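The values are calculated or read from the model by the stated rules, or taken from the named source; none is laboratory data. Keep in mind that what you see is a predicted model, and the values were worked out from it rather than measured. Cβ placement follows ideal geometry from the backbone for every residue including glycine, while neighbour counts extend to all protein chains displayed.
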Amino acid sequence: MLKKKRQALVQGLLLVLCSVVVYAEAAKLRSSPEAAALLGFQSKADMRNHLGFSENASFGFCDWQGVTCYQQKVVRLILEDLDLGGVFAPNTLSQLAQLRVLSLQNNSLTGPIPDLSGLLNLKTLFLDHNSFNGSFPLSLLSLHRIRTLDLSYNNLTGPIPTSLASLDPLYYLRLDLNRLNGTIPPLNQSSLKTFNISGNNLTGPIPVTPTLLRFQFSCFSWNPGLCGKIVHKECHPRPHFFGPTYAVEPPPPMVALGQSAEEHGVELAQPQSSSKERKTAVIIGFSTGVFVLIGSLVCFVMAVWKPTDKKQSTVTVESDDEAAAAQAAAVIQMEQENELEEKVKRVQGMQVAKSGNLIFCAGEAQLYSLDQLMRASAELLGKGTMGSTYKAVLDNRLVVTVKRLDAGKLAATTKETFEQHLESVGGLRHPNLVPLRAYFQAKQERLLIYDFQPNGSLFSLIHGSKSTREKPLHWTSCLKIAEDVAQGLSYIHQAWRLVHGNLKSSNVLLGPDFEACLSDYCLAALVTSSPDEDPDSTACKPPETRNSNQQATSKSDVFAYGVLLLELLTGKPPSQHPFLFPDEMMPWLRSCREDDVGDDERLGMLLEVAIACSLSSPEQRPTMWQVLKMLQEIKEAVLMEDGDLDPLSGCVN
């Protein structure tokens, strides 16, 4: 009996102690300015309670969803695709002074973007695909470390501030699909690699700067008031012939034909018009001016000169002849104009008909027709399990990648299923995905059009050419590439609930700054039968799908990611990875990296991630979001040790 009383007393004391600890942790949490900022944001933005932040939580705010800390300071906040439906309240997240990355994309936040000038260390800001309104937030101009800025797909109004041109580190700028007006600032940052202001109400000439000239027509499209060389539309400012104080209308410009064409919904200055047609338009416009000038001179002579009756009759006859000639010329000119307009309409109609099945993905401008794509010079880049890939150079010098899918592999996929699936895949936009721009299908022909990546594949980077010896990448490069791939996969899994299904080093391409970008993603779902694969592709498949027709899952992608990470660390293709127990993996890794000395601990941390991802049981494998957290913790540990890496940008210093 006494023993039971003692046990009850001990249990009671333990409960009291636990309560005290929980209360102390909660009090500590409430006193933290970082936690207060997060809770303040949640109270106004998360009206549907999807975040789950709580001041009564028994764990710290650094473990909350989407929060990444370094020394108890929030450095990353990723709250994407969570159906946040409130407002971004001021004096909340702007208090996170050490924040480097903030992403609230793919939510339903409304109201103006608050003052963010307190985020002096911010490098990356994604606020796209929300319903923010108001003007461009001027507070962003004081963030001199900002490199990535995405405010696209919102309802922002007003002008783009000229001071945006002074943000020197700017690398990525998207303001497309808003309602911005005014003119374009003379952006000339040499660092700017990604840029889009299409789908606004911008007007005036596009500044001719070396930076803006690098970007294509599509980056400026759907702004009817823009003109200049880039959009193939000549600017015609009205000249003040008589000065601003005279209420006299100046003569009409000599491009009357172009104006008439615009009234009929035809733009002669578009790239589809041939050079012969443009020359014809110029000749007709010039002829019109000449006829007007001759007519004016004749009228002037008739008004000033008063001849005798005989001479007057002669002049009258001559005037009648000239008038008849002028009238005939005018009729001929009108017929030429009508004929030219009809010809332009026929040409444009033909292009529309020919490009009817070339479907551009949501938000993409129609930069070329199917006819132009078919005429492009093509270079075979390689053949894979899904089809052949080509580099295509169009007549407007645009370079794209065209993937021609194997008809036999997609024989059972209907036209409707193909279109439905590609509509979803075409909406994926992430810095670590190669964007799908358009697709085409007719009978047995199916094409996918992507951005061309000039730096090749990760497979080529790891293994080089046949004449060079395979040598593993430096561990810092392995970590950077591993994080890039994990970011892309996590986005596919979390934001869109889709699956890559065919992850391997040949399907990871290197962008302009050698960032790793996933390609061929989400296509495996269209294949009903297991394709014939090479040994490396087979080695990337997990046990549960290797010998069956079972569809790939997110855990299948995690397994393939583990194989890819081993390939990065060892420099060996997947088919040459031996089956080893976990305690045998490190000696094998050392044998593959015989030239590296002193990096065992760091390589060992990455190896642990690869082993966890490659477990035979799908349930035991981590999610890609958990993998991403592991990699970020490795970076933070390395930084604390010797500062080799910038843990916030993921770039090697």
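Out of all the residues in segment 158-170, which are surrounded by fewer than 16 Cβ atoms within 10 Å (Cβ to Cβ) and not in a helix (DSSP H, G or I)?
So the first thing to find is which residues in segment 158-170 are surrounded by fewer than 16 Cβ atoms within 10 Å (Cβ to Cβ), and the list is 158-159, 162-163, 166, 168-169.
Selection gives Gly158, Pro159, Asp168, Pro169.
Okay, residues lined up against (1) modelled with pLDDT of 90 or more; (2) under 29 Å from the mean Cα position of the chain (by Cα); (3) on the phi < 0 side of the Ramachandran plot:
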| position | (1), (2), (3) |
| --- | --- |
| Asn547 | no, no, yes |
| Gln551 | no, yes, yes |
| Phe581 | no, no, yes |
| Gln620 | yes, no, yes |
| Lys629 | no, yes, yes |
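If only one of Ala516, Ala524 is within 25 Å of the chain's Cα centre (by Cα), within 17 Å of Leu436 (Cα to Cα) and modelled with pLDDT under 90, which one is it? Step through it out loud before you land on a result.
Details: Ala516 fails: modelled with pLDDT under 90.
One residue alone meets the criteria, Ala524.
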Please work out if Ala482 is in a helix (DSSP H, G or I) and hydrophobic (A, V, I, L, M, F, W, C).
yes
Quick check: anything in segment 437-444 touching a Leu at 6+ places or on another chain (Cβ under 9 Å) and in the same structural domain as Leu498 (by TED's automatic domain parsing)?
no
Across segment 155-170, the tally of residues that are within 19 Å of Pro431 (Cα to Cα) and modelled with pLDDT of 90 or more stands at 1
By residue number, the members of segment 337-387 that are of a type in the set (Ser, Thr, Tyr) and either assigned to a strand (DSSP E or B) or at pLDDT below 70 (or both) are Ser355, Ser377
In this structure, does Leu77 turn out to be closer than 23 Å to Tyr491 by Cα, in a loop (DSSP other than H, G, I, E, B), touching a Ser or Thr at 6+ places or on another chain (Cβ under 8 Å) and assigned by TED's automatic domain parsing to the domain that holds Leu127?
no
Anything in segment 407-428 that is surrounded by 12 or more Cβ atoms within 10 Å (Cβ to Cβ), in a loop (DSSP other than H, G, I, E, B) and touching a residue at least 40 places away in the same chain (Cβ under 8 Å)? List them, or say none.
Lys409, Leu410, Thr413, Gly426, Gly427, Leu428
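Taking the options Ser58, Ser94, Ser54, name whichever one is in the same structural domain as Arg179 (by TED's automatic domain parsing) and either modelled with pLDDT of 90 or more or not in a loop (DSSP other than H, G, I, E, B) (or both).
Numbers: Ser58 fails: either modelled with pLDDT of 90 or more or not in a loop (DSSP other than H, G, I, E, B) (or both); Ser54 fails: either modelled with pLDDT of 90 or more or not in a loop (DSSP other than H, G, I, E, B) (or both).
Being in the same structural domain as Arg179 (by TED's automatic domain parsing) and either modelled with pLDDT of 90 or more or not in a loop (DSSP other than H, G, I, E, B) (or both) holds for just one of Ser58, Ser94, Ser54, which is Ser94.
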The conditions are (1) without any contact (Cβ under 8 Å) to a residue 60 or more places away in the chain; (2) touching a Leu at 6+ places or on another chain (Cβ under 6 Å), and Gly204 fails exactly one of them. Which is it?
(2)
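Residue-wise test of (1) outside any strand (DSSP E or B); (2) surrounded by fewer than 19 Cβ atoms within 10 Å (Cβ to Cβ); (3) of a type in the set (S, T, N, Q).
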| site | (1), (2), (3) |
| --- | --- |
| Leu141 | yes, yes, no |
| Ile146 | yes, no, no |
| Leu177 | yes, no, no |
| Asn188 | yes, yes, yes |
| Ser191 | yes, yes, yes |
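Go through the residues of segment 112-119 one by one and say whether even a single one is surrounded by fewer than 17 Cβ atoms within 10 Å (Cβ to Cβ), within 29 Å of the chain's Cα centre (by Cα), modelled with pLDDT of 90 or more and of a type outside the set (Ser, Thr, Tyr).
Residues of segment 112-119 that are surrounded by fewer than 17 Cβ atoms within 10 Å (Cβ to Cβ), as a first pass: 112, 115, 117.
After this cut, where a residue has to be within 29 Å of the chain's Cα centre (by Cα) as well, the list is 112, 115, 117.
Imposing the further condition that a residue be modelled with pLDDT of 90 or more reduces the set to 112, 115, 117.
Next cut, of a type outside the set (Ser, Thr, Tyr) only: 112, 115.
Looking through segment 112-119, at least one residue is surrounded by fewer than 17 Cβ atoms within 10 Å (Cβ to Cβ), within 29 Å of the chain's Cα centre (by Cα), modelled with pLDDT of 90 or more and of a type outside the set (Ser, Thr, Tyr).
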Just name the residue that is surrounded by the most Cβ atoms within 10 Å (Cβ to Cβ) out of those in segment 591-614 that are free of Cβ contacts under 8 Å to residues at least 12 places away in the same chain and of a type outside the set (Asp, Glu).
Ser591
Among the residues of segment 90-142, how many are among the hydrophobic types (A, V, I, L, M, F, W, C) and farther than 19 Å from Gln72 by Cβ?
12
Within segment 120-139, the count of residues that are assigned to a strand (DSSP E or B) and surrounded by 17 or more Cβ atoms within 10 Å (Cβ to Cβ) comes to 4
